[in-house]
1. Starting from the amide H of A:Asn372, placed 1.01 Å from N in the peptide plane, find each other amide H under 5 Å away whose residue is 5 or more places distant or on another chain.
2. For chain B, what is the convex hull (Cα atoms) projected area averaged across all directions, in square nanometres?
3. Which of the cysteines in the protein assembly as shown are isolated, no other cysteine C-beta under 4.7 Å?
4. Taking only the alpha-carbon positions of region A:760-832 and ignoring solvent, what does the Debye formula give for the base-10 log of I(q)/I(0) at q = 0.18, 0.19, 0.20, 0.27 Å⁻¹?
5. If the convex hull of the alpha-carbon atoms of region A:423-468 is projected onto planes in all directions, what is the mean projected area in square nanometres?
6. Give me the percent of accessible area attributable to carbon and sulfur for the protein assembly as shown, probe 1.4 angstrom.
7. Protein chains only, probe 1.4 Å: how do B:His59, A:His425 rank by accessible area, largest first?
8. From the cross-link list A:Lys221/A:Lys344; A:Lys433/A:Lys488; A:Lys435/A:Lys481; B:Lys26/B:Lys47; A:Lys166/B:Lys68; A:Lys190/A:Lys282, which pairs have alpha carbons spaced over 21 Å apart?
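The values are calculated or read from the model by the stated rules, or taken from the named source; none is laboratory data. If you're wondering where the values come from, they're calculated on a predicted model, not measured in any experiment. So basically every Cβ, Gly included, is an ideal-geometry build from the backbone, and we count neighbours across all protein chains shown. Keep in mind that these areas ignore ligands, DNA and RNA; they rest on the heavy atoms of the full protein, side chains included. Shrake-Rupley method; radii C 1.70, N 1.55, O 1.52, S 1.80 Å.
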Amino acid sequence: MTQAFRIENSGLINRDKKLSFKFNGKTYFGYEGDTLASALLANGVHLVGRSFKYHRPRGFFGAGVDEPYAVVQLYRNGETEPNIKATEQELFEGLEAKSVNCWPSVNFDIGAINNFLRIFLPAGFYYKTFMWPKSFWYQIYEPFIRKAAGLGVASIKHDKERYEHKYEYCDLLIAGSGPSGLASAYAAAKNGAKVILAEDKPRFGGSLLSSDVNIGNQSGKDWAEGIIAELKTMPNVVVKNRSQIFGYYDHNMLVMSEKVSDHLPTTKKYHPNKRLWYIRAKEVLISSGSIERPIVFGNNDTPGVMLSSAAKEYLKVYGVLVGRKPLVFTNNDSGYETAIEFKKHGVDPVVLDSRKNPESEIIDEAKNLGINIKNSYVVVAAQGYKKVKSADIASISEDKKQLGKIEYIQCDCICVSGFWTPTIHLASQSGNKTKFKEEIDAFVPGQSKQNEITLGAANGIFSLEETLKTSFTAGSELSKKITENDNKIAIPNVVEKKSSQHDKFWCVPLPKGKNYKRFLDFQNDVAVSDIEIALREGYRSIEHVKRYTTLGMATDQGKTSNLNGLQLVSEIENKVVPAVGHTTFRPPYTPVSIGAIVGREVGKHSKPTRKSPMHSWHEKNNAVFVDAGVWLRPRYYKRGNENLFEASKREAKNVRTNVGVCDVTTLGKIDIKGPDAAELLNRVYTNAWLKLPVGKARYGLMLREDGIVMDDGTTTRISENHYHMTTTTAQAANVLSHLEYYLQLVWPELNVNVVSTTEQWAGAAIAGPKSRDLLQKLFPNSDVSNEGLPFMGYMEQDLFGAKARIFRISFSGELAYEVNVESDYGNFMWEKIMEVGEEFNIQPYGTEALSTLRIEMGHVAGSELDGRTIPFDNALEGLVSKKKDFIGKRSLERSAFIAEDRQRIVGVVPLDKQTSIPEGSHLVKDDKAPLPNPKLGHISASCWSVEYDNPFSLAILKDGKNMIGQKLFAMSPLKNKVIPVEIVSSHYVDPKGERVRS
Amino acid sequence: MLYINCPHCGMRSQNEFSYGGDASVKRPELNKEVSDQEWDNFVYNRKSLRGKHLELWQHISGCRQWIKVERDTATHEIFRTFKADEEVA
């Protein structure tokens, strides 16, 4: 294919670098510097997709972020991405893209039948039609709608690309590099302020790239290039192209998405695909420019109808003619600028101006060039299906109500200009109270809420001279406040053509007997008639009209449609536009890749991984790991072909018969020091702490103020004013914050310091009948007898040269000890324990065996202390002091907490002594009772008792105290199981606790 | 994301802090008779104000100090911040 619509002597593309690309399977050529849109237009391709609802043919409407039509599916580097605007996607060698929302092809689309059914598909169609019968929604309606609608498909593969997040702070953040952005950035940079200038397009300069102006005796484009080149050399300035600031959040935090690699065939090694910038700015200057708005007329969605500014941009930036017989339809002078560019490049346009007798320098120039201008003329309807072939035009009366006789005019494109809409999204997101500016028929920013100012066209200033003057001033004033420098900059003189007042006209009336669709929202297929229906049906609030009709709710967020929609509502409602108000602008301004939002936090990077100092030993010894919060803990150590069940049973049994060792480094540890430490513990724990002697440990239970158990653990008195507290692995951080809360805010008079020492100590639990023998060999010079180191005793000893803390505490219910050494000696300790323990048949055990051991002993853990239970529920009411006050005590008097039939922990054994009971099963009296079957309790933890060789579970059961011996059913609809069970004591093994004291 | 002036560390982003609720709630003294209503007010009942609100934050990834922040719950504007033991006038 030749690039038949590419012209010589125009455009900023690199003609030395030809690129091939594929669209819908067909190969085309373009140039470096093209967008996919400009390259397709250069090849005469105007049909790119089908519309969302009626599947009408769709072409190109804009040339940038405002594009409502040309959304494609992109294939790059083995990946696919939907929702890509062809007007934004830069061309690269080998690019592949496909049309979306059409089947089997964009040329022949079966869904287009909707176009003929459209009288049955008005606004609110979905709400009205798919209501009955209810069951049809999931089976029939939704799958059908999902298939019929949609703008592309998401890849189901893992995304190989990398995305980064970056945090940045600056004095001035400037959004947009048009004339106002450049001027303010330059002035601020000269004052030494730290400036970030962001531009969403690849090229800096904004409107200067395609407008015919002079700044400081250079063309606007050359001036822009000079400024950018200078800014790039300044160390206090960051200029970023391909970077869209899409969200304005609290306290001047803005988020920007930088496309690092999208313009390249593949992402460079070590480069991200996109980078998300979180920028905290002292001052924000919004120089986001304006977007041309269309005039509404019949069939205004036909491919070939586009914004006049887009046609000019394709010509000036890309050297592409969007047509050879252009019709320009305008209500202001901007259409003339496009017509003049056409004429200069050898194409004869016809200009229809809705105004009667406009006069300006621009119009004079057009007249002098001999352009055919028809005043008080409008386009009534575009004709042609997949491409504009002609237009029905007519004269229009001064009140814009009456059309003259319809005439026909041949044309291959219609360039439409309905004046300009300032891009106020960022200002509005920041909380700025926008106001309606009569002269330009549009909203502009009003009272700022945060440190933000809007400049140039985004503020409704369309004169370049005024824009530059105000922007230089703003940049220099704002930076002066911060840096206290005041470098005066001479404002360059500007040569621009003055334009005349636009016509307050936005919608062409229907001619008699014609029922053309006149579209407002081109992406969601919302026509004038849909808004009329919504208003007729009683929708009044613009927010409701928007949702009922879906006006402005497509991926382009109504950038070209919102204002015309407001005009229509205000006209029908006979209100002024500001009385109707606009819908809320919410971030993101333009679609942002999910990958960019997620950043590096995927897979294993989604949370930190904490490992104990003994991790590498576990790895070498076939440990299978489990995530315990952010920790990785050995679940079991695999031998041969063992599975989880076999291995954990072996490990648990070895603890009950010989000795086992478990890595308990993950337990939270808090060092508590100070003369009031005992008093703090006495207030935090439910039991008494004032009389704990030095060298002794005690089990403690802490509550929240609402009486619910928060955590449990042992705390040891190391010396007079020094305690070592342990918490559960999961609650470690919360307990520390809890203590800090009371010490800093509630009882600041207590002289106590707390600090986390979780990472400072490595811990090994040595458990089993032979653990004392092992301990004796580890500490040959110490008296570790039952008298020398009794249950809940503590001593500090030397472990082959390493300082060790020995606690005689037990979670497994066996005779057991916990040995702590400084983390760096953790591995040394572990290896010594294994080496010395060999003669006692020591085996390491993981969390699964640990669970088994604690469950059959009836020791509670996280599955019982689940944020819903009080001490009584866990059979721990014995630990609740009646004499002293403590956190949460008063709540324990609540009537539900002292109810006679209060829930309580019990043991559960299946009657067949074979079937394991799934955790989470409900306990019910009658397995045949109709639903909802009253739930008496739930299974909190299950294991295979190694002591009795049958399944055993713990449950929290209503009136559990009086239920021992009862027969119930454990039901798990998830696992489809109904198991007859017997309720037994939760202390299944060693109910008197003799072993730990032996 | 809020920008909070920690009275100990200076301006820091919200993601270094964790929220701690209404700072005006005062825990009843230990060992004091408290009516059900008083206790419920302390544990559960909050005004959930729209507007100026004195609240607690902990600089959890910083100095670990609990601080008081005077913030507008509707606009998110932060007026003043205080150390834990500072009286709020």
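1. Result for A:Asn372 returns A:Val351.
2. Approximately 6.6 nm², given one-decimal rounding.
3. Lacking a cysteine Cβ partner under 4.7 Å: A:Cys102, A:Cys170, A:Cys411, A:Cys413, A:Cys415, A:Cys507, A:Cys662, A:Cys943, B:Cys63.
4. -0.62, -0.69, -0.77, -1.41
5. 3.1
6. Values: 23960 of 46670 Å².
The computed percentage sits at 51.
7. Largest accessible area first, the residues go A:His425, B:His59.
8. From the list (A:Lys221/A:Lys344; A:Lys433/A:Lys488; A:Lys435/A:Lys481; B:Lys26/B:Lys47; A:Lys166/B:Lys68; A:Lys190/A:Lys282), the Cα-Cα distance tops 21 Å for A:Lys433/A:Lys488; A:Lys435/A:Lys481; A:Lys166/B:Lys68.
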